[in-house]
Amino acid sequence: MASEAPVYDLILLLDTTIEQERRDTILANVEDAIDRAGELVGRHDWGNRHTVYEVRKHSEADYHLIQFRASPALLEQLDHNLKITDGILRFRIVKLRPGTPPPPDLRPAAMAAAATAAPEPSSLDDEPIER
């Protein structure tokens, strides 16, 4: 019995110094390759974020998460194409285990909304400690 292809996460860090049109073209090419030989499951644009450490002398990157189903041949094609594409600072393809929860919404607007909607942490320092 043939099983369904596994779901993969592709995390792309794009160079913020190149024009937005070029970044959009890179994303469109990746999605086109996935659509031709696999199945696009989800796309999450996380926007410009500071990196923890410099990546190719850049301290900021345009983060994108693309979730898809693919064959090994598509994975090899993506790996090859992403390695030689200018404007990609770093990428990683990760196979997800069944039951993996959905990715967090890391867009700046969603993060700000979540921060304002979060309840105030309760302070246990106000209560006396019984000994």
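In summary, region 1-82 shows an alpha-carbon radius of gyration equal to 1.19 times the 2.2 N^0.38 Å reference for compact globular proteins. Loop-located trypsin sites (Lys or Arg not before Pro) in region 40-69 (DSSP state not H, G, I, E or B) with no more than 15 neighbouring Cβ atoms inside 10 Å: 56, 57. Restricting region 1-45 to GluC sites (Glu not before Pro) that sit in a DSSP loop and have at most 13 other Cβ atoms within 10 Å of their own Cβ leaves 4, 19.
Any read-out appearing in this document is the output of simple, stated calculations on the displayed coordinates, not a laboratory observation. No experiment lies behind these values; they were computed from the predicted model shown. Cβ: placed from backbone, ideal geometry, glycine included. Neighbour counts: every protein chain shown.
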